[in-house]
Amino acid sequence: MIKYIDLRSDTVTKPSKAMREAIATAVVGDDVWGDDPTVNKLQEKCSALTGKPAALFVTSGCMANQLAIKCHTNPSEEIIAEWDSHIVKYEVAGPSFISGVQVMPLKGKSGVMHVDEVERHIRPDWYHYPKTSLVCIENTHNRAGGTIYPLDEIKKISSLTKKQNLKLHLDGARIFNASVETGISIEEYSSFVDSISFCFSKGLGAPIGSILCGDVDFITKAHKFRKILGGGMRQSGIIAAGALYALDNNIDRLKEDHQNARHFAEEISRLPFIEIDMDSVQTNIVIFITKKNASVIREKLEKKGLLLTNDGVNKMRVVFHLDVSIEQTEQAIEIFKSL
Ligand SMILES: Cc1ncc(COP(=O)(O)O)c(C=O)c1O
């Protein structure tokens, strides 16, 4: 049987032996009763980490984003988000389905919306218009290739949303990748937004779970909507233990993923059938253009033991994570060169 090098996503990681040990020995209770000490510990830790007064453990990044939208808006309002962001692209029109709001998608540059563009799209108060109530940003930006939202831009958007009395949500599914790369703390990133979510099940290597952080009223509301969405999870300390383990052990090592991504990108950029914008390689994701059919290339690579994804006919994406060592990165490069 082929032992695959799996670069399809950082969500494919499997819990390590030590993480499984932490999961197996977790002290649990009924979290719907507020009785699970491990979930409570995780929520307190995330609250401290972000500097937000409250936090809520949720099933997924998607649930965290949708709860944020639900709690920051009213039906028939409008939210602004980057056109290629996860909220716009991959959450199955959740904002309209769950919150009854319309999305105004704005095209960013490398996933970053310019503050002037955001301002231009805030609706004036007029009978015919929906009210703009929320702006969502994504850091790092998945589909732009793990690009980092510059803090200066976040600050400008934050001043604008404050001035205009709008809410600002940060989809920080991969905020730790941004933080280890820039040295900007999670607390600093969080200080400019009304709510932040992040995932334990991506680069941090836990099997399940995300967190949503914000002020007490916001999280109280989110807690109730989580229940409606079926997110009351009883002895969820079992999975919160994996998340706690990840926070204690798997943050600093994200740098290795970034180094592997950079090294991989530099090496394969020399191949004649590949084009990479090296400026977009900022964290653990590499997106590149192929001059030959990307699905054909993907199938060939798969036969040689390398899994990755293609997006359309000439775009491919690889993601580095804690289950890919430097040796496997070298192997992946060799497999590419052998094509
Ligand atoms: C930026 C971003 N936000 C949210 C999510 C959703 O996370 P989940 O798959 O846990 O719902 C993802 C998943 O890939 C993501 O990349």
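The values are calculated or read from the model by the stated rules, or taken from the named source; none is laboratory data. All values reported here derive from a predicted model rather than from experimental measurement. Cβ placement follows ideal geometry from the backbone for every residue including glycine, while neighbour counts extend to all protein chains displayed.
Some observations on this one:
- Filter result for the condition that a residue is among the charged types (D, E, K, R) and crowded, with 17+ Cβ neighbours inside 10 Å, over 256, 299, 266: 256
Yes/no per residue for (1) in contact with a strand residue (DSSP E or B) (Cβ under 7 Å, 6 or more places away or on another chain); (2) hydrophobic (A, V, I, L, M, F, W, C); (3) within 13 Å of the ligand (Cβ to nearest atom):
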residue	(1), (2), (3)
136	yes, yes, yes
159	no, no, no
173	yes, yes, yes
178	no, yes, yes
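- Counting only strands (runs of 3 or more DSSP E) wholly contained in segment 191-303, the ones carrying 1 or more residues that are under 16 Å from the mean Cα position of the chain (by Cα) and in the same structural domain as residue 140 (by TED's automatic domain parsing) occupy 195-199, 210-214.
- If the condition is being touching a Lys or Arg at 6+ places or on another chain (Cβ under 8 Å), more than 10 Å from the ligand (Cβ to nearest atom) and under 24 Å from residue 16 (Cβ atoms), then segment 180-204 contributes 180, 181, 203.
- When residue 333 is tested against the conditions (1) touching an Asp or Glu at 6+ places or on another chain (Cβ under 6 Å); (2) in a loop (DSSP other than H, G, I, E, B), the lone failure is (2).
- Condition check for residue 132: among the polar types (S, T, N, Q) and either in contact (Cβ under 8 Å) with a residue 60 or more places away in the chain or within 30 Å of residue 264 (Cβ to Cβ) (or both): no
- Filtering segment 56-87 to residues that are within 15 Å of the ligand (Cβ to nearest atom) and either outside the structural domain of residue 117 (by TED's automatic domain parsing) or over 30 Å from residue 44 (Cα atoms) (or both) leaves 82, 83, 84.
- Among residues of segment 88-104, those that are within 15 Å of the ligand (Cβ to nearest atom) and more than 22 Å from residue 211 (Cα to Cα), counted: 1
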